[in-house]
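To start, the structure under review is shown below, and the notes come after it.
The values are calculated or read from the model by the stated rules, or taken from the named source; none is laboratory data. Being a predicted model, the structure only gives us computed values, none of them experimental. Neighbour counts run over all protein chains shown; Cβ positions are idealised from the backbone, glycine included.
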Amino acid sequence: MSGLQTPRRRPLPGWTIFAIAAVLAVAAGGVTGRVISRETSGSGPSDTVLRFFQAMRDNDARTMLSELATPPADTTFITREILAKGHETAAITEINVPATSSTVVPVSYRLGGEIVTDRISVQPVGNTYKVSTSLNSGGIMLKGRTRTDLPLSLAGLPVRTDTVVLLPGSYPLTTVTDHLRYGSGTLVVKRLSDTPSANDLRLELTETGRAAAARAVTSSLGACTGQKSFAPRGCPFKLAVTTADPSTVSWSLLSSPADDLRVTVSATEVTKSTVEVPLTLRISYVDGTATLPHDLATVPAVGTIDLLADPMTVTWTS
């Protein structure tokens, strides 16, 4: 009959989709469709993975390490204190592990505001299983990507080795100054085998650093415009006049350096980074009996700036 309509099916809940996916993914590996999400003392592959992630959630470094087939030689950054700092803004919750006899175990969990899925390898050890996935694919290169003149601390602990091992979390990165930061100021590891890219550690000027640079430039230019000279000493501007009395000179800065400056962090020495700013200036002086105002064409001022100094210092080179 034309008046009959087929009932619309309701969309499946997210947990149902995960369970179905787990069954289909390991019809080739033994997933039963049952999801383990509570404490377990079992000895199967899923039990091991669940204990491992629950220990991670609880910042229980000792238990986590005991669930690894081969614990890393350097566990400097696998401690309760470091894990707690890594989970302050990215807590691990909603851990789900399908029951399976496969040695590759699916897992999902929430890291901060993001749902992460992964597949964890395990291997038989005695009467149980241990996690065998390579942590950070063997280690995260940190020291080689940082600067000798700007040492890095991770979760408050100085990085002294070429590589570190980190578990999923969001770890704060700090340096000896709040003027500069590596990457976004945090290092995020989402999965056991993840290794952050070099861009995650790119050296950048912070908003605090930019404000400090603006103050340094403004202070330096203020000292320059205060000089009674056609060619202020150590300054990026001048006017070639030979007959007028320099004691009558008055400089005025018409532009706003703080709005237009550009700072480029040096690739070799952060204390000799580059600052550039376009300047618009006016000079007034007495020539004979007339006071002559004169507006200069835009002056491209360039200098070096010490980004580690507090307050920062500027040396004009042109």
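Yes or no: R110 over 13 Å from P45 (Cβ atoms) and among the basic types (K, R)? Against the criterion (over 13 Å from P45 (Cβ atoms) and among the basic types (K, R)), R110 qualifies.
In the range 204-226 there is at least one residue matching the filter, namely being of a type in the set (D, E) and in a helix (DSSP H, G or I). Of all the listed residues (T48, T76), the sole one being in contact with a strand residue (DSSP E or B) (Cβ under 8 Å, 6 or more places away or on another chain), within 26 Å of T163 (Cβ to Cβ), outside any helix (DSSP H, G or I) and in contact (Cβ under 8 Å) with a residue 40 or more places away in the chain is T76.
Yes or no, residue by residue, for (1) in a helix (DSSP H, G or I); (2) under 26 Å from the mean Cα position of the chain (by Cα); (3) at pLDDT 95 or above:
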site	(1), (2), (3)
W251	no, no, yes
V275	no, yes, yes
V286	no, no, no
P293	no, no, no
S318	no, no, no
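Summed over the range 153-184, residues that are of a type in the set (V, I, T), without any contact (Cβ under 8 Å) to a residue 60 or more places away in the chain and in a loop (DSSP other than H, G, I, E, B) total 2. Residues in the range 295-316 that are of a type outside the set (F, W, Y), under 28 Å from E204 (Cα atoms) and part of a strand (DSSP E or B): V299, P300, A301, V302, G303, T304, I305, D306, T313, V314, T315. Selection of the range 160-189 for residues being in contact with a helix residue (DSSP H, G or I) (Cβ under 9 Å, 6 or more places away or on another chain), of a type outside the set (A, V, I, L, M, F, W, C) and buried (at least 20 other Cβ atoms within 10 Å of the Cβ) yields P168, G169, S170, Y171, H179, R181, Y182.
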